[in-house]
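The values are calculated or read from the model by the stated rules, or taken from the named source; none is laboratory data. Treat the numbers as computed from the prediction; the structure is a model and nothing was measured. We place every Cβ from the backbone using ideal geometry, glycine too, and count neighbours over all the protein chains shown.
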Amino acid sequence: MKLLDMLAKLGILRYGKKAAVYRSGSERPVEFLMDDVFDAKRDLTTREDLRDIVDTIRGKDTPSPAERPATCPACGADLPPAARYCPRCGKRS
């Protein structure tokens, strides 16, 4: 979930509009039934969104240190687990 999507779900970022023609109340989309909802998929929090947040908090979205290379691809030096750049040659890992 991107930053703008999170801000929209929290109600901090609001933008957009929707227009439609409908014959009965059952045809009305969620955007017309609720005030301050411009895009139901982006603005309303769903169970899938909550699962994504829980997975992110638990660290399932981030690669484990075992998945990252332990050596620099350019010079072969040992890299610390959280290193983005090689301390020896400066290449991005």
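The table below gives the values:
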read-out	value
Qualifying positions in segment 46-74 - modelled with pLDDT under 75 and closer than 14 Å to Lys2 by Cα	Asp61
Positions within segment 1-20 being at pLDDT 70 or above and exposed (fewer than 12 other Cβ atoms within 10 Å of the Cβ), in sequence order	Lys2, Leu3, Leu10
